[in-house]
1. Does at least one position in the range 519-530 carry a residue that is touching a residue at least 60 places away in the same chain (Cβ under 8 Å), closer than 21 Å to residue 302 by Cβ and either part of a helix (DSSP H, G or I) or of a type in the set (Ser, Thr, Tyr) (or both)?
2. For residues that are over 24 Å from residue 432 (Cβ atoms) and in a strand (DSSP E or B), tally how many sit in the range 270-306.
3. Return the total of residues in the range 263-316 being at positive phi and either surrounded by fewer than 20 Cβ atoms within 10 Å (Cβ to Cβ) or in contact with a Lys or Arg (Cβ under 7 Å, 6 or more places away or on another chain) (or both).
4. Residue 38 fails exactly one of the following numbered conditions: (1) surrounded by fewer than 15 Cβ atoms within 10 Å (Cβ to Cβ); (2) over 27 Å from residue 234 (Cβ atoms); (3) of a type in the set (S, T, N, Q). What is the number of that condition?
5. Within the range 4-40, work out how many residues are over 28 Å from the mean Cα position of the chain (by Cα) and either closer than 18 Å to residue 261 by Cβ or among the acidic types (Asp, Glu) (or both).
6. Of everything in the range 431-445, what is in contact (Cβ under 8 Å) with a residue 60 or more places away in the chain and in contact with an Asp or Glu (Cβ under 9 Å, 6 or more places away or on another chain)? Give them in sequence order.
7. Quick one: count up the residues across the range 450-476 that are under 28 Å from residue 210 (Cβ atoms), in a loop (DSSP other than H, G, I, E, B) and at pLDDT 95 or above.
8. Checking residue 330 against (1) out of contact with any Asp or Glu (no Cβ under 9 Å at 6 or more places or on another chain); (2) closer than 23 Å to residue 419 by Cβ, which test does it fail?
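The values are calculated or read from the model by the stated rules, or taken from the named source; none is laboratory data. Everything numeric here is computed off the predicted structure, so don't read it as measured data. Here Cβ is always computed from backbone atoms with ideal geometry, including for glycine, and neighbour counts include all displayed protein chains.
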Amino acid sequence: MARFGNKDAKAFLFPTRQIAARCVSFVKARAPPAVIASLDTVTLVLDTTKQVPEALASLSPVIAAVFCSQEAFPFLKQYWQHSGDGVSSRRAEFCHSLFQDGLLCLEDVGAPQPPTSPKPCRGPKRYQRGSSVDMTKTTPSPRPGAGRDAGTAPEVQETSRFLEERFGRNLDVSFVQPARSAIKRRIAGSLRSDSELTTTPPPENEMASNSRGVVNLREEDVYLFPCGMSAIFNSHRALLGARGSMKSIEFGFAYVDTLKILEKFGPGVVFYGNASESDLDNLEKRLEDGERFLALFCEFPSNPLLSCPNLARIRQLADKYDFAVVVDETIGTFANVNVLPFADIVASSLTKIFSGDCNVMGGSAIFNPNGRYYAALKRWARTEYEDTYWPEDVIFLERNSRDFASRIDRINANAEAICDVLRECPLVKSVFYPKYNQSRANYEACQLPGGGYGGLLSVVFRNREQAIAFYDAVDTAKGPSLGTNFTLTSPYVLLAHYQELDWAEQFGVERDLIRISVGLEETENIVNVFKAALRVAEEDAGSQK
């Protein structure tokens with residue numbers, strides 16, 4: 001701010017100049033002229049006039065900022081929030097250190113910044129242990145800056161030490177690409193082991209055997225993004241680019257930002273909040289009458305009611321009436337269900353159960369190679385897709401996800417055990433879980449052999465006071481995320497839909513619903529936690545009689 005903005009300005013950070021430009025275009029299409037006049041952009045890149053370590057140059061650190069007035073802030077916030085195209089804290093910290101070191105410059109000016117001492121960041125102790133990316137266990141890469149003459153500039157020597165701290169001893173940059181490849185193969189369902197990373201290329205035929213059941217699926221068909229919303233946003237962008245401007249369909253009560261993306265970043269959306277067979281009947285009638293759509297977006301299962309649409313029927317309608325199908329499998333997870341045969345694009349938030357450790361964000365999108373729009377989507381990706389997933393985040397996510405499959409088994413078992421306890425309680429009005437919902441058959445049509453029903457469930461009590469007493473008493477972490485390795489309880493509807501509670505209730509999403517993301521605790525222990533909270537709620541209900 002002090003360098004490029006003014007004291008009253010606000011700023012949003014993005015990973016590339018192109019994304020910052022899209023943000024500005026979004027605001028210009030919606031804001032009044034006086035607000036638009038306050039916009040300005042700055043892109044900082046590595047200063048190539050400086051002598052920098054090769055490993056640093058290979059990272060291509062870039063950060064872009066959009067400056068705005070206070071009046072423009074709400075418009076920029078919409079883009080930043082819904083698109084998911086902001087920067088991760090690791091990218092921001094890394095680039096900030098380079099900026100302080102005078103190693104970033106304006107993209108179009110090249111003016112160097114004054115150097116200051118960087119602040120090394122080794123990360124949590126867990127990520128300093130011996131592993132495939134721990135330099136004490138592998139052949140060391142050449143130390144950045146080593147072998148140069150004694151006249152090397154002090155700022156370069158300092159940067160070499162900084163880079164070694166961040167990417168050398170703990171996070172070797174040479175393993176970034178193998179980690180990226182491992183994540184993609186794991187998402188494709190072809191990498192099932194939790195073995196250490198190597199720089200040896202994977203077997204050519206490894207992708208052919210995968211849990212997705214698509215033998216021609218390639219690693220290049222899996223695209224990584226900095227978060228799950230970015231995967232959804234860019235899937236929509238890809239379809240608009242591949243097929244042209246048409247309305248989309250949101251089928252089912254999904255995460256709030258998905259609907260906002262379809263509403264604000266295109267010609268609009270038709271919303272079917274119940275995802276029922278009668279909703280499909282209505283959609284089929286509209287299609288028969290000549291309406292055409294870009295794509296149908298849905299979650300499998302949905303958040304927070306855990307209902308599952310009839311993907312087989314949706315696929316039949318899509319084939320007949322020429323629209324794409326985008327399925328968000330975040331909650332079901334590809335360890336439990338296989339939705340790719342029914343979809344043109346499968347999106348997921350890797351931030352959730354794929355990572356589990358809640359210390360890194362990520363998202364993915366798979367283009368189905370057998371889909372009608374595959375060739376058009378690949379053409380779009382060749383010119384429009386930007387891989388903005390920061391290398392440090394790649395390393396963290398790969399390491400976290402190695403035991404993904406084994407964690408899912410425990411979480412599935414714990415969730416069913418908690419459901420059993422809740423369903424037996426007389427205070428409970430409804431439990432929402434794929435195993436017990438009316439749409440169970442739709443879920444099981446996509447369920448993998450040995451797959452469970454997932455780690456997310458929701459509960460509604462018979463009155464608000466009971467819900468409050470239970471929520472206050474349940475001895476778990478409290479928060480709005482899901483898929484963590486520990487159980488997390490949330491008054492989800494109040495947090496996500498506080499300004500539209502009446503609207504949400506039209507679709508069976510009650511304001512006092514409590515959502516539970518189940519973790520890896522010992523089953524007996526976590527069951528006892530919920531039994532104890534239910535006893536408190538029962539005592540509270542008894543005292544009010």
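1. Scanning the range 519-530 turns up no residue that is touching a residue at least 60 places away in the same chain (Cβ under 8 Å), closer than 21 Å to residue 302 by Cβ and either part of a helix (DSSP H, G or I) or of a type in the set (Ser, Thr, Tyr) (or both).
2. Looking only at that region, the number is 2.
3. Residues in the range 263-316 being at positive phi and either surrounded by fewer than 20 Cβ atoms within 10 Å (Cβ to Cβ) or in contact with a Lys or Arg (Cβ under 7 Å, 6 or more places away or on another chain) (or both): 3 in total.
4. Condition not satisfied by residue 38: (1).
5. 2
6. Matches in the range 431-445: 433, 434.
7. 5
8. (1)
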